[in-house]
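The values are calculated or read from the model by the stated rules, or taken from the named source; none is laboratory data. If you're wondering where the values come from, they're calculated on a predicted model, not measured in any experiment. In this analysis, Cβ positions are derived from the backbone assuming ideal geometry, glycine residues included, and neighbour counts consider all displayed protein chains. All accessible areas refer to the heavy atoms of the entire protein, side chains included, with ligands and DNA or RNA removed. Shrake-Rupley method; radii C 1.70, N 1.55, O 1.52, S 1.80 Å.
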Number of protein chains: 2
Amino acid sequence: MKNQTKAQLNQLLLALVQHDTRQVDDIYDDVQTIDLAEQIEELEDNQLEYLCSHIDDIKLAEILEESEEELQVDIINCLDNRRILALFNHIPKDTIVDILGQLPIGKTKQLISLMKAGEKKIIEQLLGYEEDTAGGIMTTEYIALNENLTIEESIKKIKQIAPKTEVIDTIFVLDQYKHLIGIADLRDILIGEDSTPLHTIMDTNIITVLPETDQEEVSLLVSKYDLTTIPVVNKNNSLIGIITVDDIIDVIVEEHTEDLLQLHGVHKEESLDSSLIDSIKMRLPWLVVNLGTAFLASFVVKMFEGTIEQIVALSATMTIVTGMGGNAGSQTLSILIRGIALGEITLKESLPGLKKEILVGAFNGLVTGFLTAVIVYFIYGNIYLGVIICLAMIGNLVISALFGYLIPLVLKSLNLDPAIASSIFLTTATDVLGFFIFLQLANMFLPYLL
Amino acid sequence: MKNQTKAQLNQLLLALVQHDTRQVDDIYDDVQTIDLAEQIEELEDNQLEYLCSHIDDIKLAEILEESEEELQVDIINCLDNRRILALFNHIPKDTIVDILGQLPIGKTKQLISLMKAGEKKIIEQLLGYEEDTAGGIMTTEYIALNENLTIEESIKKIKQIAPKTEVIDTIFVLDQYKHLIGIADLRDILIGEDSTPLHTIMDTNIITVLPETDQEEVSLLVSKYDLTTIPVVNKNNSLIGIITVDDIIDVIVEEHTEDLLQLHGVHKEESLDSSLIDSIKMRLPWLVVNLGTAFLASFVVKMFEGTIEQIVALSATMTIVTGMGGNAGSQTLSILIRGIALGEITLKESLPGLKKEILVGAFNGLVTGFLTAVIVYFIYGNIYLGVIICLAMIGNLVISALFGYLIPLVLKSLNLDPAIASSIFLTTATDVLGFFIFLQLANMFLPYLL
């Protein structure tokens, strides 16, 4: 597939050199633009410049739209302002805003100042919203019609607007004050009677979001209610944009990636493509923090060096207690992080769930602790060491349940990402307290262990 | 919101008791069906029965469609076969198949035997596909038209079929042998000239999947190419179904949840709602496996008890090496699992990335190892202990990079979920080898440490 697209890109360049427009069209129609964009990333600077200056506006606009951020900047740098604005005519407003966001501020201002008044206003408004809010991902290409239009008039309008809109199957219905009062399904419009007014076939029970709504919350609504588009309204209920499902999919993938990476102390921007230097820069700080917590645990062990000196078996067995605590806590942690991401739980409603987790921890601690005790007894021949390890295991698994459950909820209630640094807090708790409980018990029962 | 819907459900029941159809309609129009379904879950059995027997087919079909699996079964159990089949007329085929999949086999067979021949064939075919493949999530409610229809004829057909279809903005174009040869955008059809044949405005460059394609692969295609629907064709390129974007969102959320949970040894079916017993059943087996690996690490420490007995400081410092290895390895692991989930890497293309990870591990090991050495020197006043811990840290972070990188890739190449049990393999490696390297080095340099 990749090699095929690469060959097609070469053919495309050749056809451009030969000014064979028909051949260019044929090749272009045969590839997916996003695959083409991926191959264009590999071009030399002068090849990219040649491509940009010789391919027509519509094709280059499509390529620009489907490109990764880096290539978008490279393409923009190949073009003069007049051409950039010409391309923007073929690109949805939300993508234009994304592109402008990557350019130097001076360049962005320059481009905006050259736009027509109406477009300028929309773009400036969109640029004002935070990147990860509904306003930051919405677009303004939609069909909104007055409630009093008849079906016949509506269809006429739809035909006019349709080519310039991202969504066609949902028509937004406005009253005379431009308030959003309903949505009409294109199916119902197509089969409706010519003279029926639009408001009689619209659905008034609609889900909307405000521009400041967090994008994760928007994605939960779309996912829960199986929406293909969600309208964004201001406080007066005036329609100011829509969010399409393809952008929602991007949000979901992005948020999930962040959860998984941040949970394990990886910067959310890191990926397989990150350079060696970037990977080190992004991971080392977290490891240094971890080192601090590892020393905390180490100090706890050091406190009991006298005890360990007398019963060296403790040093081999203590790691079982802390290892199990970390693992059991990760189980709770991941259940919670998913629950929070899916909007299923908040700190306020957390008490019954916490009780359950603690019971799970206590029971699993009892079972694994008992197993450990039996094995330890066979190895070291000391029943008391077994009893101590079993008690420590129960204690540490209860602790792991408590921290695994509360850490993400507390982070969330502080408006932080529940995944971020969760596992560092958790393992600190289970290591420090796990070593402490076990070695303290050993210390108390020292005469029986000798 | 919840309380409001609860009140509305009570009003709805009251209106049903009073046979006030108009009031029933008004209340029903005012709620989102999925919110209503959530509240219906809380009803007593006799209330549910009353609701089912008194509400009309279309509404009950919608409720059934939006319900969680458990409620779907409860609703079906309230109805006789005739009524169930009546409801099925208003439900997409993919949802019918999902519902049938939860019923006892006898009941499913009975219902299928009562269906009309055409429907029976489709349902039996859909039931034949694995749940997590394209065939298992596709539906048969789409609009497919012959390439030679004119725009005028097409619009006429679309109006006829539209009310029964899930997707309307994409029209699938077939040749005379029913092969899928293109897709037409409803926008282009609406603005096309009456006499134009459909094939002249269709896009022939389409992305299709086979019914056996894994659902995760389908979701990657939808996400990459920003599709709102993807056609499923058989080996002869005949269209047999379509997958809609709302089902794709469900797949993405499901797969991400699985990744996060399985990575930490939680069964993919577990959630915050799981009962105490279920949670224990699902987590305990994994903890027992973990216990086995914890003992492995413990045995390694036991091997060196003689050394630890002479230098008890080793027992407090050895956990720093293993803890850091586990954390650094988790970083690599999560980057890899995301990369694999996003289709960015395979075992074959893994070598350059592996080199980078090992370099990151070595460098981060050097920095954190050096820091540790300095601190350990200040605490224990022994420079050799510091040197040993620094070397062990470098070694263990290289090991963690190696295992964190290769474990998910090897699992994936064995056709297993790359997340499953990844962290257990990883921590086993970093604990066992981390303890071994550090204590072995300590053993070798014993005279300098005393």
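Odds and ends about this structure:
- Filter result for B:K178 (at positive phi and surrounded by fewer than 20 Cβ atoms within 10 Å (Cβ to Cβ)): yes
- Note on the stretch B:181-192: among residues that are of a type in the set (V, I, T) and within 20 Å of A:P163 (Cα to Cα), the one that is least open to solvent (accessible area, probe 1.4 Å) is B:I189.
- Matching residues in the stretch B:79-93 - criterion: being part of a loop (DSSP other than H, G, I, E, B) and crowded, with 16+ Cβ neighbours inside 10 Å: B:L79, B:I91, B:P92
- Of all the residues in the stretch B:4-48, those that are open to solvent by 30 Å² or more (accessible area, probe 1.4 Å), assigned to a helix (DSSP H, G or I) and polar (S, T, N, Q) number 7.
- Condition check for A:E147: more than 21 Å from B:D226 (Cβ to Cβ) and at pLDDT 95 or above: yes
- Count of residues meeting criterion [facing another protein chain (nearest Cβ under 7 Å) and part of a helix (DSSP H, G or I)] in the stretch B:334-348: 5
- Whether a residue is aliphatic (A, V, I, L, M), part of a helix (DSSP H, G or I) and over 25 Å from A:I249 (Cβ atoms) was assessed, and A:I76 passes this test.
- From the list A:T150, A:T228, A:T213, A:T204, the one residue that fits, being over 30 Å from the mean Cα position of the chain (by Cα) and touching a residue at least 40 places away in the same chain (Cβ under 8 Å), is A:T150.
- Against the test of being surrounded by 18 or more Cβ atoms within 10 Å (Cβ to Cβ), within 14 Å of chain B (Cβ to nearest Cβ) and under 30 Å from the mean Cα position of the chain (by Cα), the options A:I96, A:I123, A:I168, A:I158 yield a single qualifying residue, A:I168.
- Yes/no for A:A373 being closer than 25 Å to A:L296 by Cα and within 14 Å of chain B (Cβ to nearest Cβ): no
- Of all residues in the stretch B:376-408 being aromatic (F, W, Y), closer than 15 Å to A:F295 by Cβ and away from chain A (no Cβ under 11 Å), the one that is least open to solvent (accessible area, probe 1.4 Å): B:Y377
- Subset of the stretch A:126-150 [of a type outside the set (S, T, Y) and open to solvent by less than 30 Å² (accessible area, probe 1.4 Å)]: A:L126, A:A134, A:G135, A:G136, A:I137, A:M138, A:E141, A:I143, A:L145
- Count of the stretch A:140-149 residues which are touching a strand residue (DSSP E or B) at 6+ places or on another chain (Cβ under 6 Å) and closer than 14 Å to A:K93 by Cα: 2
- When B:L342 is tested against (1) open to solvent by 10 Å² or more (accessible area, probe 1.4 Å); (2) free of Cβ contacts under 8 Å to residues at least 60 places away in the same chain; (3) closer than 30 Å to B:E255 by Cβ; (4) not small (G, A, S), only condition (2) is not met.
- First in the stretch B:130-146 and assigned by TED's automatic domain parsing to the domain that holds B:E65, second anywhere and modelled with pLDDT of 95 or more and of a type in the set (K, R), Cβ under 6 Å, 6 or more apart: none
- Residue tally, condition surrounded by 15 or more Cβ atoms within 10 Å (Cβ to Cβ), among the β-branched types (V, I, T) and part of a helix (DSSP H, G or I), over the stretch B:49-73: 2
- Top-ranked residue in the stretch A:359-370 [being among the aliphatic types (A, V, I, L, M) and open to solvent by 60 Å² or more (accessible area, probe 1.4 Å); ranked as nearest to the other protein chains (Cβ to nearest Cβ)]: A:L359
- Counting residues in the stretch A:187-205 that are modelled with pLDDT under 95 and closer than 27 Å to B:K224 by Cα gives zero.
- Meets criteria (in contact with a Phe, Trp or Tyr (Cβ under 6 Å, 6 or more places away or on another chain), in contact (Cβ under 8 Å) with a residue 24 or more places away in the chain, under 30 Å from B:E305 (Cβ atoms) and at the interface with chain B (Cβ under 8 Å from one of its Cβ atoms)) for A:A294: no
- Tally, over the stretch B:224-239, of residues that are within 14 Å of chain A (Cβ to nearest Cβ) and open to solvent by 50 Å² or more (accessible area, probe 1.4 Å): 3
- In the stretch A:13-31, the residues that are closer than 26 Å to B:Y225 by Cα reach residues that are open to solvent by 60 Å² or more (accessible area, probe 1.4 Å) with C-beta atoms within less than 6 angstrom, at least six apart or across chains, in these pairs: A:A15/A:Q23; A:L16/A:H54; A:I27/A:Q11.
- Checking each residue in the stretch A:193-211 for being more than 10 Å from chain B (Cβ to nearest Cβ) and either in a loop (DSSP other than H, G, I, E, B) or open to solvent by less than 20 Å² (accessible area, probe 1.4 Å) (or both) picks out A:E193, A:D194, A:S195, A:T196, A:L198, A:I201, A:M202, A:T208, A:V209, A:L210, A:P211.
- As a summary of the residue check, A:G265 satisfies the conditions (1) surrounded by 21 or more Cβ atoms within 10 Å (Cβ to Cβ); (2) without any contact (Cβ under 8 Å) to a residue 40 or more places away in the chain except for the one numbered (2).
- Residues that are touching a residue at least 60 places away in the same chain (Cβ under 8 Å), surrounded by 23 or more Cβ atoms within 10 Å (Cβ to Cβ) and not aliphatic (A, V, I, L, M) within the stretch A:305-325 comprise A:T317, A:T322, A:G325, listed in sequence order.
- When residues of the stretch B:240-253 are limited to those that are more than 9 Å from every other protein chain (Cβ to nearest Cβ) and either more than 15 Å from B:A134 (Cα to Cα) or touching a strand residue (DSSP E or B) at 6+ places or on another chain (Cβ under 7 Å) (or both), the one most open to solvent (accessible area, probe 1.4 Å): B:I240
- With respect to (1) farther than 23 Å from A:I171 by Cβ; (2) open to solvent by 50 Å² or more (accessible area, probe 1.4 Å); (3) more than 9 Å from every other protein chain (Cβ to nearest Cβ), the lone exception for A:Q215 is condition (2).
- Close contacts from the stretch B:58-71, counting a first residue that is within 17 Å of B:K93 (Cα to Cα) and without any contact (Cβ under 8 Å) to a residue 60 or more places away in the chain and a second that is outside any helix (DSSP H, G or I) and open to solvent by less than 20 Å² (accessible area, probe 1.4 Å), with Cβ to Cβ under 8 Å and a gap of 6+ residues or different chains, come to B:A61/B:I91; B:I63/B:I55; B:L64/B:I91; B:E65/B:I91; B:E65/B:P92.
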